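Remarks on the structure that follows.
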Amino acid sequence: NMKTNLVFALAVLCLLISASSSAKLDFSQLKLRMLENNDFNTFINEYIGEKSTTRFFTYENIVDFFTAITSQFPYISRVSSIGKSVEGRDMPLLTLGSKIAENEAKSGKDNPPSIFLTSVHHAREVLGVTMNVYTMLYLIHSHAHNNTAVEALMNHHNFYSLPMVNVDGYALISDIYDKSGIFEMVRKNRRKESDCIGTSIGVDLNRNYGYKWGYDDIGSTSRQCEEDYRGVSPFSEPETLAVKNFMTSKNKNIKIAINFHTWGNLFIIPFNYDDQWNKEMVNKEIYKMYEDIRDSGTLPQGMLFGNGKQTIQYTANGDATDWMATQNGILAISPELGINNGLTDKFFPNQEWTKPIMEQNFKWINYTMLKLSSQLETNIAKFTRIECLNNCTPVDENFKRFYLEIEVRNVGFSEVKNVQVQFKETKPFEIAIIDGESKQDVVGKENVLKHHSLKSLESKTWKAEARISKEDWAKINAESTLKSE
């Protein structure tokens, strides 16, 4: 009957509220928990994995997390506000590093590269906040357990985390979820200067940046109640203006910017304002870094690579990543976080998928962070096979010859000095590194290629000559066998 149905419905509603509402995470013992768990994957379960009491980090969770970090790890952390939101909330920024003030005080060529991580330009994309927190927890946990690679990074570079760009929209989602277990689909900020109501209120912060703002009415709109309303002018919103001012103040430091979005499984790079893909628009050397992350950073299976039109199938003007890419050679990325699983294709996936999404995406994020330092890659830039023709000298008749160019490139943002590359022959080849036209062997008995230094994105190329006997040539495929080490 109707009364029974009503009672049942109320019981289900109460169950929904009690089961789904966000619990207050306890960060008071964060340092102790870290020290108790050497394994990061075991430690993180309490906050993000199976043992977590909440499906996402609420606004209050982030405030408590930042407070805990600065009180328990004061020597590697700092919390500040980069500005105020439309509704007057602080936009909290966490900075991690072993020498924060010292690194920021440096100037010129000694200025150490830093990374800037943002999330929730669109409030409902809550897993971006989780990815931001996951990354910070990894760095702190690694520091607590003396991870030498992370220690080296934190000694020389700063890590800036701004988990809530759209802090008002995120606070609204958090408040409603805490009270009712309902996930409100808020995208824009909370500017209330129109007749719009509900979630249509506000400005799309990821259409409010200054590069190609209002380029057309396809990648953004002037209609105030639409989801992609761009605002009245570039940086009209205090949130985007705060990001601009912060990055401008650090523009000699920040070399990598990652703006986390959801959902999807997409690695989005500039430029996104037009539907035409023009590789030449992107800084040529920076584009090589994008390709290196794609090829070597272990992206999640099936992750699409390209600009907005190539990946998410639409354009966006006034986009944060486009603007950041124009600022002092910044490597800017807007990943749509996800994995190759249709069950994660939503803004608020089931909790069981949160950790897999974090783990699979952190592989390429960690690889990208390592670019703050120097990264050397070696490859055979040219490979030319020379057939022995009638004019071969007698000494050449039993051999085939090859010319190679061996390139060493610094694909990181920091200069590396005293470059030394160990060179090994791959038998049965005989290889000599030659210096220009003199063809003098410059390796000698040490088999080491030396160069004084390589700045960020610089390369050094050595020429080489290889020989192989005709007998051995008949046994192998030279192009697949020849390698550089």
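The values are calculated or read from the model by the stated rules, or taken from the named source; none is laboratory data. Small disclaimer: the values here were computed from a predicted structure and weren't measured. FYI the Cβ positions are ideal-geometry reconstructions off the backbone, even for glycines, and counts take in every protein chain you see.
Count, please, the residues in region 41-64 that happen to be more than 21 Å from the chain's Cα centre (by Cα), of a type outside the set (Gly, Ala, Ser), within 25 Å of His145 (Cα to Cα) and part of a loop (DSSP other than H, G, I, E, B).
So the count comes out to 5.
Take Lys355 and decide whether it is surrounded by fewer than 16 Cβ atoms within 10 Å (Cβ to Cβ), of a type in the set (Lys, Arg) and in the same structural domain as Tyr273 (by TED's automatic domain parsing).
no
Hey, can you tell me all the residues within region 316-343 that are closer than 24 Å to Gly302 by Cα, more than 16 Å from the chain's Cα centre (by Cα) and either buried (at least 23 other Cβ atoms within 10 Å of the Cβ) or not assigned by TED's automatic domain parsing to the domain that holds Arg230 (or both)?
If the condition is that a residue be closer than 24 Å to Gly302 by Cα, more than 16 Å from the chain's Cα centre (by Cα) and either buried (at least 23 other Cβ atoms within 10 Å of the Cβ) or not assigned by TED's automatic domain parsing to the domain that holds Arg230 (or both), then Ala316 is the only one that fits.
Go through region 230-253 and report how many residues are touching a strand residue (DSSP E or B) at 6+ places or on another chain (Cβ under 9 Å) and in a loop (DSSP other than H, G, I, E, B).
The number of residues fulfilling the criteria is 3.
In region 300-315, what count of residues is obtained for those that are in contact with a helix residue (DSSP H, G or I) (Cβ under 9 Å, 6 or more places away or on another chain), loosely packed, with under 15 Cβ neighbours inside 10 Å and within 20 Å of Ser220 (Cα to Cα)?
Count: 1.
Could you tell me which residue of region 345-383 is modelled with the lowest pLDDT, considering only residues that are among the acidic types (Asp, Glu) and either under 23 Å from Thr461 (Cα atoms) or in a helix (DSSP H, G or I) (or both)?
It comes out as Glu377.
Yes or no: region 285-299 includes at least one residue that is touching a residue at least 40 places away in the same chain (Cβ under 8 Å), farther than 21 Å from Ile48 by Cβ and of a type in the set (Val, Ile, Thr).
Yes, the conditions are met somewhere in region 285-299.
Scan region 60-87 for residues that are buried (at least 17 other Cβ atoms within 10 Å of the Cβ) and of a type in the set (Phe, Trp, Tyr) and jot them down.
Residues satisfying the conditions are Phe65, Phe66.
Table: residues versus (1) of a type in the set (Val, Ile, Thr); (2) at pLDDT 95 or above; (3) out of contact with any helix residue (DSSP H, G or I) (no Cβ under 7 Å at 6 or more places or on another chain).
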site: Ile44; (1), (2), (3): yes, no, no
site: Arg55; (1), (2), (3): no, no, no
site: Thr58; (1), (2), (3): yes, no, no
site: Asn61; (1), (2), (3): no, no, yes
site: Phe66; (1), (2), (3): no, yes, yes
site: Lys84; (1), (2), (3): no, yes, no
site: Gly88; (1), (2), (3): no, yes, yes
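Select from region 208-236 the residues that are of a type in the set (Asp, Glu), touching a residue at least 40 places away in the same chain (Cβ under 8 Å) and either surrounded by fewer than 19 Cβ atoms within 10 Å (Cβ to Cβ) or farther than 20 Å from Met185 by Cβ (or both) and list them in ascending order. Please lay out each step first, then the result.
The first filter runs over region 208-236 and keeps only residues of a type in the set (Asp, Glu), leaving 216-217, 226-228.
From the residues that got through so far, the ones that are touching a residue at least 40 places away in the same chain (Cβ under 8 Å) too are 216, 227-228.
Within region 208-236, Asp216, Glu227 meet the criteria.
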